[in-house]
Amino acid sequence: MCGIAGIIHRDGEADIGSEMTRMLQSMRHRGPDSTGFALYGPPSDLVVMRFKLADPNDVRDFEWTERLERHRHEVEGRLSKVGASVDRVEGEREYAYRATFRYDGDLKALADYVEDVPGCEILSLGHSLEIVKDLGDAETVAEQYRLDRFRGTHAIGHVRMATESDVDIAGAHPYWAYPFSDVAVVHNGQLTNYHHWRRRLERSGHRFQSECDSEIIAVYIAEKLADGVALETAMKQSLDDLDGVFTYLVVTEDSLGVAKDEMAAKPLVLFESEELVVMASEETAIRAVLREEIDTYDPYEREVLVWSR
Amino acid sequence: MEQVNRPARYDVRGLAEPDADAPRIAEVADGRARFDAEGLSTRQINLEIRRLAYEEGIDDITVANPAAKHSLGVGILTRCRIRFEGSLGYFACGLIDGPEIEITGRVGWSCAENIMAGVVVIRKNAGSLTGAALRGGDLVVHGDVGARTGIDQKGGTILIGGNAGSSTGFMMQRGRQIICGDAGHGLGDSMYDGAIYVAGTVASLGVDCVEGEMSEDDEEMLDRKFGIYGLERPSSFTKFVCGKKLWNYDNLEANERKLVL
């Protein structure tokens, strides 16, 4: 089933970490397997990279901790080798890390080189985007990664009920639009031409980290953006290119967009004001951040809507 | 609000049943009951409504702060008035037979599914699948509705003050839909019978849905429904019905069977 949520403050920063936690926790019943957040903090000169070196499901075999430590140093070493000036690398969990560094080179080259370290997957890369995803419900993940302290302008999130791929971090949303800085996607639905698009995008040089059909949307959007297509146009084109039932959200450094398939088969409820836009698979999630009586509506079939800060 | 903690009940499987008792918090005055749903679970809210309607015999119940919770006001099979002050989530007011329900906010997907008799009035918007498999009664939405409104409708009337999404009246079997605004693609697709009245534009008709002829009876029915619910009636409607050209209206198959026999 899965549940998705998005929020964008048009008038400044807010406690988006705790807001998104409340929204996703209220939809826990839609997906208890894993929870993910794509949070946008204040833009920084530094590049923020969230990455993992193992999965919580991995067997803690011989020298597990030592191996992770070795791989972490290898990541730091590779960042330096490609010319990044590393600010700090913090361990958020024993297998998940947050690195900040100065770098103005080719992000794809950096990502490919770093991901060549065994077990390494970059969850997000950008100047304000931070993707946090792990197994369990929203409160569990938020507590583990201390998201109650995260302030920013906009965010999307996802609660996952795994149907077609494993319960692991690789299968959890949001997906970073590799190799594009500060772009992320969450999706509710199924794509029926997944293999067609995966083969096509892989031939174009894109990498996939999971078997999850939703990852296609992130990579598809990334390719369009790389070709210079505007976000809203790329999303409109996706309605013709992607088959299946879907509602998905895309976020960039300053925008948040939603697209619905031609049958409007997957739900989304939306509240919009001058200061704030909030959306979710269920109104209960909107009520988690707006307690007063509000007017909400469902976008119609084939609708693409984009809001900017 | 103070919640009463009672010992957990256990079902036949030995599993604990949380919130198995009505919270008994409603204030009753002059034969009317009112309670605040803040902090209550879906089950507690429904149990309190049922206690008031069935045990106390109260026929005027107001529920404040429903906070878009799912499955509220379902399965009420007695004549009474229920007013929800706020919005409801999915599956609201389904399977009812008799009550008149007013929702001052909006509703999520699948509101008033399979209702047999009674009235549901929604003051704001409604999600998709509103009035699915409606069997009787009136369902009134003052705002817009999502996709597939009245899918598999078997009777009753759905009155929509705003626009309707795609596949409205899909596989409709009987009953009426009145849409004051515009209708999306695939209106009345594969409908068997019934009528859909649209005042605005129709993006496209579904398979076997055709324009019908407005009769005096149609006009009289529309006047009556708009009069009852105090909605402003658009000046003109276009009526859509089943063209009865699909294979299931063809009796060739039956004749073939006779030949074989």
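The values are calculated or read from the model by the stated rules, or taken from the named source; none is laboratory data. Please read all numbers here as calculations on a predicted model, not as lab measurements. Every residue, glycine among them, receives a Cβ derived from its backbone with ideal geometry; neighbour counts consider all protein chains shown.
Here are the numbers for the structure shown:
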quantity	calculated
Test: residue B:207 is β-branched (Val, Ile, Thr) and surrounded by fewer than 24 Cβ atoms within 10 Å (Cβ to Cβ)	yes
Of residues in region A:194-238 being buried (at least 17 other Cβ atoms within 10 Å of the Cβ) and in contact with a Lys or Arg (Cβ under 7 Å, 6 or more places away or on another chain), the one farthest from residue A:305 (Cα to Cα)	A:216
Output for region B:5-33, where each listed residue is over 21 Å from residue B:71 (Cβ atoms) and outside any loop (DSSP other than H, G, I, E, B)	B:10, B:27, B:28, B:29, B:32
Positions within region B:61-89 being within 16 Å of residue B:47 (Cα to Cα) and hydroxyl-bearing (Ser, Thr, Tyr), in sequence order	B:62, B:71, B:78
Residue within region B:248-259 that is of a type outside the set (Lys, Arg), touching a His at 6+ places or on another chain (Cβ under 9 Å) and either more than 14 Å from chain A (Cβ to nearest Cβ) or at negative phi (or both) present	no
Within region A:259-269, tally of residues that are more than 10 Å from chain B (Cβ to nearest Cβ) and either assigned to a loop (DSSP other than H, G, I, E, B) or closer than 23 Å to residue B:88 by Cα (or both)	1
Any chance residue A:148 is under 24 Å from residue A:250 (Cα atoms) and surrounded by fewer than 16 Cβ atoms within 10 Å (Cβ to Cβ)	yes
Given (1) within 23 Å of residue B:158 (Cα to Cα); (2) of a type outside the set (Val, Ile, Thr); (3) at pLDDT 95 or above, index of the condition residue B:68 fails	(3)
Residue, farthest from the chain's Cα centre (by Cα), within region B:89-100, restricted to residues that are surrounded by 24 or more Cβ atoms within 10 Å (Cβ to Cβ) and more than 14 Å from chain A (Cβ to nearest Cβ)	B:99
Criterion (out of contact with any Cys (no Cβ under 7 Å at 6 or more places or on another chain) and buried (at least 24 other Cβ atoms within 10 Å of the Cβ)) met by exactly one of B:103, B:151, B:160	B:103
Matching strands (runs of 3 or more DSSP E) fully within region B:167-227 where at least 2 residues are closer than 15 Å to residue B:147 by Cβ and not acidic (Asp, Glu)	B:174-179
Qualifying positions in region B:106-128 - crowded, with 24+ Cβ neighbours inside 10 Å and within 14 Å of another protein chain (Cβ to nearest Cβ)	B:106, B:107, B:108, B:109, B:110, B:111, B:122, B:125, B:126, B:127, B:128
So residue A:285, is it outside any strand (DSSP E or B), within 17 Å of residue B:69 (Cα to Cα) and either within 10 Å of another protein chain (Cβ to nearest Cβ) or in contact (Cβ under 8 Å) with a residue 40 or more places away in the chain (or both)	yes
Hits in region B:45-87 (condition: within 14 Å of chain A (Cβ to nearest Cβ), of a type in the set (A, V, I, L, M, F, W, C) and assigned to a loop (DSSP other than H, G, I, E, B))	B:67, B:68, B:72
Selected residue [within 21 Å of residue A:279 (Cβ to Cβ), assigned to a helix (DSSP H, G or I), among the aliphatic types (A, V, I, L, M) and touching a helix residue (DSSP H, G or I) at 6+ places or on another chain (Cβ under 7 Å)] from A:79, A:39, A:24	A:24
Options A:59, A:114, A:75: the member that is without any contact (Cβ under 8 Å) to a residue 60 or more places away in the chain and over 30 Å from residue A:28 (Cα atoms)	A:75
